[in-house]
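Heads up, the thing below is written out as structure tokens.
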Amino acid sequence: MKAPDTKLLNECKTILANEYQTEILELHEFIKMACPQSDTSTDTQEDTGLFGPFHQINKQYPGLKQIHESPDIYLIENFLSADECDRIIAKAEPRLTPCLVKNELMGAVEQDTSRTSTNANLSQSEAPTIVSKLTNLASCSASQLEILQVLKYTKGQQFKPHTDGYSGPVSACG
């Protein structure tokens, strides 16, 4: 395995940090709001804070490069193979539908006005190599992963800044 080019990584880190400085700071604020008791500097296997447990990233994962700290941002070039991407697209394309949300006031499921993309869900059994990569990277079991969600954005579509919030025993996919 070729050793990473430290100079190139540092240049990429600087470019990304400068280009996405506002987003990185905003993300950091969201993390602080969502996880006020979380200490991101620990190296424990699990953080069992208020919203935990959170599994620590497998820092030994092949090709993993940290490109920013606080918040931690990592890069894995070619995490998915071209074949995996082609299979995901082929399975998701016929299932793509507008993104929906549950209107808390009315109780109705309706199109999400903050997200103009389309999406499709894939079961873990439809992408076993990807599930294997994710569980290895996130140091978790497949039962701890959510359903795989594929989003398709065409020119002009967007996902406006938002926060997710669920009260009670509800997961992101219902």
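Every read-out reported here was derived from the displayed coordinates using simple, explicitly stated rules and does not represent laboratory data. Predicted, not measured: the structure shown is a model, and the values here were computed from it. Note that we place each Cβ from the backbone using ideal geometry, even for glycine, and neighbour counts take in every protein chain shown.
State which entries of 13/160; 7/65; 59/152; 102/133; 65/155 exceed 22 angstrom in Cα-Cα distance in the structure shown.
On the way: 13/160 25 Å; 7/65 13 Å; 59/152 30 Å; 102/133 31 Å; 65/155 30 Å.
13/160; 59/152; 102/133; 65/155, as the Cα separations exceed 22 Å there.
Our Cα-only numbers for the range 82-152 put the radius of gyration and Dmax at 14.4, 43 Å.
The modelled label-to-label distance for the pair residue 70/residue 10, using points 7 Å beyond Cα in the direction of Cβ, is 2.0 nm.
I want the local charge near residue 153. Using Cβ-Cβ distances under 15 Å, sum +1 for each Lys or Arg and -1 for each Asp or Glu among the other residues. The partial results should precede the final answer.
Details: positive: 115, 152, 155, 160; negative: 93, 112.
Neighbourhood net charge equals +2.
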